[in-house]
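Have a look at the structure below before the remarks.
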Amino acid sequence: MPDRPTRILIVDDSAVMRSLLRSVVSSGAGLEVAGTAADGETALRAVDEVRPDLILLDVEMPVMNGLVTLRKLRARGSKMPVIMCSSLTQRGARVTIEALAGGASDYVAKPTGQSSREASMAALSQDLIPKIHALTQGQRTASGFAPGPAAGTRAPLFMPAAQAFRPQALSATPTALVIGVSTGGPAALDVLLPALPPSFPLPVMIVQHMPELFTRLLAERLNGRCPLRVREASEGDPVCAGAIYIARGNWHLEVLAGARASQPPTLHLTQGPLENHCRPAVDALFRTAAAVYGQGVLAVVLTGMGSDGMAGARIVRQQGGSVLAQDQQSSAVWGMPGSVVNAGLAQKVLPLHAMAAEILRAANRTTSPASSPTSSPTNSEARELREAVR
């Protein structure tokens with residue numbers, strides 16, 4: 001018997017945008033429009049009346065904007081998935097970052113510059129429909145698709161487990177921490193990064209799938225919340241212990257060995273081809289970090305849709321490094337960490353609230369300067385490895 005359709009509440013003050021979103025949702029398999037609202041107050045009443053499975057929520061609206069609406073919804077105890085609809089403006093991006101850190105599940109950018117309504121629909125559908133399915137569908141099993149979640153609940157995108165997971169000891173003393181994250185990432189980073197103390201001895205490099213404007217604002221926000229300095233990565237930055245670097249949107253973030261053994265590694269930004277349909281890609285960071293730091297890499301894969309990071313995690317393990325993955329229950333979407341776990345690459349699978357403590361336990365085993373590779377390939381070997389894994 002087929003599952004009932006996934007019901008979507010559309011909230012936007014623009015009649016044109018509500019119409020466009022209605023058309024996009026109606027075109028998606030297994031989706032239907034539960035209702036529409038032009039402001040946050042009306043939306044909160046509609047939630048009780050139409051009981052949607054997911055809300056598409058405009059960022060900027062009269063009467064009650066999207067951020068206030070989200071806060072009121074979460075204050076009720078609702079964990080219903082919410083996708084913010086944002087304009088690609090400074091203000092729109094800033095409010096969206098606040099919403100994502102405050103419990104929004106994901107976001108989509110409103111289409112701009114398309115030549116026709118059909119082109120706008122196509123662009124929005126490509127981004128929005130997979131996110132709706134990932135945030136609302138139930139467990140995919142070997143025998144088929146399990147029924148979707150009840151209204152008002154959140155269901156991670158599960159991956160079929162080939163075998164029971166068995167934790168393993170971490171491979172080696174880490175000298176660098178690399179993190180890959182996507183859907184649900186700002187909220188996850190908002191929990192993890194402030195828990196790292198000022199004395200944290202490792203450099204931290206992060207790929208969060210986001211556009212360029214958003215990554216800068218995300219770094220600024222986290223810098224105000226974390227004991228460690230957080231910045232958007234720039235070309236040629238020396239990799240320093242106790243600093244956090246966030247990949248710039250639309251640029252892959254890579255690590256290069258220092259020109260001499262006495263010099264620290266540096267960051268390299270490139271607009272090479274998309275990897276896993278992404279730029280920046282987690283795989284690009286993980287594999288180049290493995291080339292430079294060898295067994296000193298501690299790779300962490302957090303919540304996210306898709307499988308970006310799995311190939312990179314495999315290279316980290318091949319070079320003797322360690323891999324941690326966020327668990328299914330605490331992930332907004334268990335695609336990225338799930339792919340790593342089911343490939344047998346994660347040594348530990350942890351809830352988000354326990355991740356910082358595990359990282360600190362591993363990091364505190366080291367006594368050498370974290371900005372320099374330890375037990376890693378030579379510069380020439382690192383270059384050869386980077387070329388081999390491209």
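Can you compute the charge dipole magnitude of the chain about its Cα centre, using +1 on each Lys and Arg Cβ and -1 on each Asp and Glu Cβ, nothing else charged? Give it in debye, rounded to the nearest 20. All intermediate terms of the calculation are to be shown ahead of the outcome.
Details: 36 positive and 30 negative charges, 129 e Å.
The calculation lands at about 620 debye.
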So, in nm, how far is label THR89 from label ARG361 when the simple model puts each one 7 Å beyond its Cα toward the Cβ? 4.8 nm
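Determine the relative contact order of the range 233-296: mean sequence separation of Cα pairs under 8 Å and six or more apart, normalised by residue count, in whole percent. Don't skip to the answer; put the middle values down first.
Numbers: 98 pairs, mean separation 22.1, N = 64.
Reported as a whole number, the value is 35 percent.
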At SER125 and ARG22, where each label point lies 7 Å from the Cα along Cα→Cβ, what is the point-to-point distance in nanometres? 1.8 nm
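Report the calculated FRET efficiency for GLU41 and ARG166 (r = Cβ-Cβ distance, R0 = 45 Å), to the nearest 0.05. Write out the running numbers ahead of the final one.
Working: r = 51 Å, r/R0 = 1.13.
Rounded to the nearest 0.05, the efficiency is 0.35.
What does the helix-only formula give at 222 nm for the chain: each DSSP H stretch with n ≥ 4 adding -39500 (n - 2.57), the total divided by the residues, and the result rounded to the nearest 500 deg cm²/dmol?
Values: 12 runs with 137 residues, N = 390.
Calculated at 222 nm, the ellipticity per residue is -11000 deg cm²/dmol.
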The simple spin-label model distance between ARG76 and GLN263, using points 7 Å out along Cα→Cβ, in nm, is 5.8 nm
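I'd like to compare 332-340, 115-123, 255-263: which one has the highest average count of other Cβ atoms within 10 Å, and what's the full order after that? The partial results should precede the final answer.
Working: 332-340: 28.1, 115-123: 13.2, 255-263: 14.9.
Peptide ranking by packing, descending: 332-340, 255-263, 115-123.
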Could you grab the relative contact order for the chain? Cα pairs under 8 Å, six or more apart, rounded to a whole percent. 15 percent
Under 26 Å from the Cα of LYS131 - lysines, other chains or at least 8 residues apart: LYS72, LYS79, LYS110
In the range 316-332, which residues have a backbone nitrogen under 16 Å from the label point lying 7 Å from THR270's Cα in the Cα-to-Cβ direction? none
Chain lengthening between GLU212 and GLN329 when straightened (0.36 nm per residue, less Cα-Cα): 39.2 nm
Leaving out ligands, DNA and RNA but keeping every protein chain, what accessible area does GLU235 have, in Å² rounded to the nearest 10, with a 1.4 Å probe? 110 Å²
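Under the 0.36 nm per residue contour assumption, what length would be gained going from the current alpha-carbon distance of GLN114 and ASN250 to full extension?
Details: separation 136, 0.36 × 136 = 48.96 nm, distance 1.98 nm.
In short, 47.0 nm is gained.
The values are calculated or read from the model by the stated rules, or taken from the named source; none is laboratory data. Here the structure is a predicted model, which means the values were calculated and not measured. Positions of Cβ are generated from backbone atoms using ideal geometry, with glycine treated the same way; all protein chains shown enter the neighbour counts. Surface accessibility is based on the protein's heavy atoms, side chains included, excluding ligands, DNA and RNA. Shrake-Rupley method; radii C 1.70, N 1.55, O 1.52, S 1.80 Å.
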